[in-house]
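Report on one structure; see the data block that follows.
The values are calculated or read from the model by the stated rules, or taken from the named source; none is laboratory data. Just so it is clear, the model here is predicted, and its values are computed rather than measured. Quick reminder, even Gly has a Cβ in these numbers, built from the backbone with ideal geometry, and neighbours come from all protein chains shown.
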Amino acid sequence: QLLLLRFTVKRLLSTSHPSVDSKEMKKFQLLAHKWWDEEGEYAALHSMNDIRVPFIRDTLLSMSSNYHLGNPLSGIKILDVGCGGGLLSEPLARLGASVTGIDPVEDNIRTADQHKSFDPVLAKRIQYKPSSLEEIVEESMETFDVIVASEVVEHVADLEMFIKCCSQVLKPEGSLFITTINKTQLSYVLGIVVAEKIMGIVPEGTHEWEKFVPPEELELLLESNGFSVRTVNGMLYNPLSGSWSWMESTSLNYAVHAVKSGAGAQSHTTDTPPETDTQQCSATAGTA
Amino acid sequence: SSAAMAALCARALLAPLGARLRAGPRAPLRSAASAPPLYDVVVSGGGMVGSAMAAVLGHDIHFHDKKIALLEAGPRKDYDHMPDSYSNRVSSISPGSATLLSSCGAWDHVCSLRLKPFRRMQVWDACSEAMIVFEKDDLDDMGYIVENDVIMSALTKQLDAVADRVEVFYRSKAVGYTWPLPSHSCDTSPWVQVELADGRRLQTKLLIGADGHNSVVRKEAEIKNIEHQYDQSAVVATLHLSEATDNNVAWQRFLPTGPIALLPLSDTASSLVWSTSHDHALELLTMDEESFVDSINSAFWSNVNHSDFIDAAGAMFRSAISLLKPSGTAVRQLPPSVAKVDPESRAMFPLGMGHATEYVQHRVALIGDAAHRVHPLAGQGVNLGFGDIACLAHHLSAAAFNGSDLGSLKHLLKFETERQRHNVSLIAATDVLKRLYSTTLAPLVLLRTWGLQATNALPPVKVRI
């Protein structure tokens, strides 16, 4: 019975969920058990918590008037899209949030579930589901205060569909946090050649430069789908120290904070038909 | 019921198996229901440093929802009634340590009990006239002499104030620790397992070893310790002065057998810390009270160890300095003379030096004497421990506010680097001073005489000390 269910789920995922790329899924399946080795393949993602968690935390605190420093994200419902092994879900839950983590790769969810199970506080605050974003839209309309999509949008097949789904499951005036990689010559050289092939900071084949997203394109998509972009910050990884820092330039990695417009406001949707990834990329390629 | 009977039988059968498992290096996984209680931080050792660590974390805003446990092997002491007589175990508390104790609300209690601020420290040699005086330009307090019991009383009060976050286990000696793998697998617990003498078990995300220079945490974690027993013991006692005086100076004289220090307790009383050979220490402890007092006065006042050669050389150097730097020679004050010793207040304890090669491991941190043990000649022992607490609490607070795993080596290593950088030079310097001053050989005496005189004349060096 379980086998049948898994088969059905897999079929659903590949046909009616354009935000999930089955080739991408395979890549992550192979590394499912490596998530929690802080010195292993995912070391750079572990250390990214040192800037992305404070970024999310401080942004949310600055928008709230009623919080306790001992439990800063208490009462906030967060959706972690593409949660992987739960590297970002766990710190957010420790800060008090109720986190739902979704990932299409079942082995990732299994790893994440197993890791949180040892800590009763985390086990209670986090729910993991093997699922794509589209699958949960119907049951989660306007459910979440915050969505985080960290190191995810460079892996999705249809970015605009992804953003539309985010909008649907977010409450009005809810926050969307994205971290991703810019599509520039520099990001090709450093992000693919050096990071993957030479230094092994990222497992080889993880990223495809074609799918990297320039911030201008992301901003355009967000603004035309009911979001107001509040912050765009460049991020820099230092491979010698293994640590991340903020930088002015967005030519490599960057983070975005956007807010879904409130219930009363009109969203500025332009009547453009959904474009495919490659068309969008060619329109804005080469900016750095 | 039959189910209960079956469970009992199963337990009896499994007991020997359980004992073997317990002896193994990794903790077997238990279901959440039967797992031992899980704490965010367990501090092992309820002395001044362990108690302060627990109190500081308990008062940290980012630890508001965390669970902390403090394990103390001894019983809970009643500190509500401080005796009129002074205790013979006192510590010199630096202003930095006072700030730390303030941060958890303990310093107010100390001030309302009793303490003695001192403004000046005079340190001199028995073999020459060389002397160095420490005092702050702004006539602020240099430090405070506080009885250890007073500090413990204050910390106990502040621990009671955060009892909802900090659970203190008295009469609870930890007898065994089980360490997790750095990146855990499915079937072993990722937490540190602590086993108490009465069989109770705890789990924790971070274990802080504050269990003294014979630290069990350090030994069980197999952290190498560089240690050295000095062939010295410290004799402590509570002394009454011949006449009442402002008594705001700490005195220390380096005798060939070891330094003798007089630390002010009140206008009429001072605490003695006399580091000397084991044999001499035993002698001091067993002689009658009058002879004991005579020995102390003689140690501070006698010039029997002077040699004409050294005196002349010292005087020459001093006049050279006064030519170059007129203010570089301070006025020598005379230490007070002692009239009697508090009966029953004489005690001795052996001295040694120790330094752990690592202060941290995955989910483990060492603080206080568990990490480093120094000779009391510099009056720094507990201050180093309080400095460890300030640094570790800072990093743990930031880690908690970042939602990090508290036992992660990432921030623990930052603590280790900062503190080793600070501690190693001080511990080494203290050790060197101890050895330098343990001799009457003329060349070395001359060296330290000139060294001390030069240091006294040089403000930048003095300030650093």
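A few remarks follow.
- Condition check for A:M48: within 14 Å of chain B (Cβ to nearest Cβ), surrounded by 15 or more Cβ atoms within 10 Å (Cβ to Cβ) and either more than 17 Å from the chain's Cα centre (by Cα) or not β-branched (V, I, T) (or both): yes
- Scan of region B:290-304 for residues that are surrounded by 14 or more Cβ atoms within 10 Å (Cβ to Cβ) and modelled with pLDDT of 90 or more, ordered by number: B:F292, B:V293, B:S295, B:I296, B:N297, B:A299
- Qualifying residue in region B:182-202 (condition: within 14 Å of another protein chain (Cβ to nearest Cβ), surrounded by fewer than 22 Cβ atoms within 10 Å (Cβ to Cβ) and within 29 Å of B:V424 (Cβ to Cβ)): yes
- Any hit, region A:77-100, residues being in a helix (DSSP H, G or I) and modelled with pLDDT under 95: no
- Every residue from region A:100-137 that is of a type in the set (S, T, N, Q) and within 11 Å of chain B (Cβ to nearest Cβ): A:T111, A:Q114, A:S117
- All positions within region A:58-99 that are more than 13 Å from chain B (Cβ to nearest Cβ), surrounded by 22 or more Cβ atoms within 10 Å (Cβ to Cβ) and either farther than 23 Å from A:V20 by Cα or of a type outside the set (A, V, I, L, M, F, W, C) (or both): A:G82, A:G84
- Check on B:A371, at pLDDT 80 or above and either farther than 30 Å from B:A313 by Cα or of a type in the set (V, I, T) (or both): yes
- Members of region B:58-72 found to be more than 15 Å from B:D160 (Cβ to Cβ), within 12 Å of chain A (Cβ to nearest Cβ) and buried (at least 19 other Cβ atoms within 10 Å of the Cβ), listed by number: B:D60, B:H62, B:F63, B:K66
- Flag for B:S85 being modelled with pLDDT under 95, part of a loop (DSSP other than H, G, I, E, B) and out of contact with any Phe, Trp or Tyr (no Cβ under 7 Å at 6 or more places or on another chain): yes
- Number of the exception - B:Q229 against (1) touching a Gly at 6+ places or on another chain (Cβ under 7 Å); (2) at pLDDT below 90; (3) polar (S, T, N, Q): (2)
- Any hit, region B:146-165, residues being outside any loop (DSSP other than H, G, I, E, B), small (G, A, S), surrounded by 16 or more Cβ atoms within 10 Å (Cβ to Cβ) and touching a strand residue (DSSP E or B) at 6+ places or on another chain (Cβ under 8 Å): no
- Condition met for A:S140 (without any contact (Cβ under 8 Å) to a residue 24 or more places away in the chain, more than 14 Å from chain B (Cβ to nearest Cβ) and of a type in the set (S, T, Y)): no
- Residue within region A:183-198 that is under 21 Å from A:K26 (Cα atoms), in contact with an Asp or Glu (Cβ under 7 Å, 6 or more places away or on another chain) and not in a helix (DSSP H, G or I) present: no
- All strands (runs of 3 or more DSSP E) inside region B:330-424 with 2 or more residues being of a type outside the set (A, V, I, L, M): B:347-356
- Scanning region B:409-429 for residues that are away from chain A (no Cβ under 14 Å) and either aliphatic (A, V, I, L, M) or surrounded by fewer than 17 Cβ atoms within 10 Å (Cβ to Cβ) (or both) yields B:R421, B:H422, B:V424, B:S425, B:L426, B:I427, B:A428, B:A429.
- Among the residues of region A:25-44, those identified as assigned to a helix (DSSP H, G or I), more than 10 Å from chain B (Cβ to nearest Cβ) and surrounded by fewer than 20 Cβ atoms within 10 Å (Cβ to Cβ) are A:K26, A:K27, A:Q29, A:A32, A:A43, A:A44.
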